[in-house]
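The values are calculated or read from the model by the stated rules, or taken from the named source; none is laboratory data. Model, not experiment: these values are computed from the prediction. Heads up, the Cβs are rebuilt from the backbone with ideal geometry, glycines too, and the neighbour counts pull from every protein chain shown.
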Amino acid sequence: MEPNFSGTQGNQASPDFKRARGIATLARKDISFVQKTTPTYNQGLETQLAGIIPGRASKANIFFLNVYSPPKERFQNFNSLFLVATKQAKIKPLMIAEDFNAYNKSWIYSKNDAKGTKLSGCADTLGLKLVTDPQIPTHKGYSVQRDTTPDLAFLLNAEGSWDNLQKDLGSNHVIPEINVHIA
């Protein structure tokens, strides 16, 4: 089933393993995008890399890496995946975003976990800039759980802004909006 949301076009990545949820990239209908091949690095890690072409007047393509890392996968390493994305993007803008389910104190969690430490270190090493505001939760906690921000967005070779749209479409996650400024 192709994802569909009013005013958008979607491209869904095929799950590579049995328990995969499936991820999708949505873009406005007036924006073209091409899905790129993304190798599977870790069992349980869902990824989708797309080249986004903003419009005919713009010569700048944006690369977008969509990542879902399940909460139970506590030891995932993102180095190889992010390195492939940065090599494909070269000097063009790159956005890496989605649901990482990684704990790091710099993202307003009470503790660090192995995945959060690896993700933060990888982002720092590659010069990725976090544009998510961790003070504004994207995940609604259940009963005794507090609201958190597992949905992160990083930029490379671009400036941008992040906003929480406060819309959940029936999920416990809200929709973030990421604007990338390109020349």
Of the criteria (1) in a loop (DSSP other than H, G, I, E, B); (2) touching a helix residue (DSSP H, G or I) at 6+ places or on another chain (Cβ under 9 Å); (3) not acidic (Asp, Glu), which one Leu169 fails: (2)
Where a residue in the range 31-43 is among the polar types (S, T, N, Q) and its partner, wherever it lies, is modelled with pLDDT of 75 or more, with Cβ under 6 Å and at least six apart: Ser32/Ile53; Gln35/Ala50; Thr38/Thr47; Thr38/Leu49; Asn42/Gln76
Count of residues meeting criterion [closer than 24 Å to Phe63 by Cβ and surrounded by fewer than 17 Cβ atoms within 10 Å (Cβ to Cβ)] in the range 135-163: 3
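Suppose the filter is out of contact with any helix residue (DSSP H, G or I) (no Cβ under 8 Å at 6 or more places or on another chain), under 18 Å from Tyr68 (Cα atoms) and outside any helix (DSSP H, G or I); does Leu155 pass it? Before you say what the answer is, go through the steps one by one.
Details: out of contact with any helix residue (DSSP H, G or I) (no Cβ under 8 Å at 6 or more places or on another chain): yes; under 18 Å from Tyr68 (Cα atoms): yes; outside any helix (DSSP H, G or I): yes.
Against the criterion (out of contact with any helix residue (DSSP H, G or I) (no Cβ under 8 Å at 6 or more places or on another chain), under 18 Å from Tyr68 (Cα atoms) and outside any helix (DSSP H, G or I)), Leu155 qualifies.
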Tally, over the range 96-134, of residues that are of a type outside the set (Ser, Thr, Tyr), in a helix (DSSP H, G or I) and surrounded by fewer than 19 Cβ atoms within 10 Å (Cβ to Cβ): 6
The range 56-78, residues that are in contact with a helix residue (DSSP H, G or I) (Cβ under 7 Å, 6 or more places away or on another chain), loosely packed, with under 15 Cβ neighbours inside 10 Å and not charged (D, E, K, R): Phe75
